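Please treat every number below as a calculation from the coordinates, not as lab data. Since the structure is predicted, the reported quantities are computational estimates derived from the model, not experimental observations. So basically every Cβ, Gly included, is an ideal-geometry build from the backbone, and we count neighbours across all protein chains shown.
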Amino acid sequence: MWIACTDADSIVPADWLVAQLGYARSGAEMVLGTVVPDPDELAAGLLAAWRLRHTIDDGHPHVHGANMGIRGDMYLTAGGFQDVPTHEDVLLSAAVRSAGGLILSVGASPVITSGRTDGRAPGGMAQYLREIGSRRMPPEVAHQAQLSGVPSTEVDSETAGANSFAAGPGDTEAGELNGTGRADLAADENRVVTSSAEAVGS
């Protein structure tokens, strides 16, 4: 059994489930995919700021509940999604890693997720997008943002540094509880698609 997870306000590509099952057949016990905010819901400058911060290639460090898959037996071994307001996707990936599960971070088949900046979950995607729009960037990042048309606030050398452009919900490293990459939805609104590898594909 393979459990493929996305969010109710997200759009998966046509090959999304087939791609996940392919990784499952190759031995993956968990797949961490990437997301892109819906460009129709997000100002061009804010979308450019997102893209400056997010790697969407294979081996990326992100955890997004809107693009995740896991073997059913590993889901049970890892304890499943915890009943917490946010970060359940990050906690699950950390539990799989602790259990010795094989995790693949893949760039193929990115999911389009909501780009709204007004959401309900504290620490969710909407809050993260607001923070990107208001955060003071280090000079080198601000320069890149300006070249991409991103409005930004210049900072001096005393305020520039890791903490002034720290990791947030959208660029959570696998296994680190410093945010959530899931779209901003209550846990009961998550859409979970289950399928057996035998029933789909091959």
Rounded, prolate or oblate: which fits the stretch 8-54, taking a ≥ b ≥ c as square roots of the Cα gyration tensor eigenvalues, rounded meaning a/c under 1.5, else prolate when a/b beats b/c?
prolate
Lys, Arg +1 and Asp, Glu -1 on Cβ, resulting dipole of the stretch 56-136 about Cα centre, debye, nearest 20:
280
re the stretch 50-123: pairs of Cα atoms spaced beyond 20 Å account for a percent value of 38
Can you give the three extents of the C-alpha atoms in the stretch 1-140 along their principal axes, from longest to shortest, in whole Å?
43, 31, 30
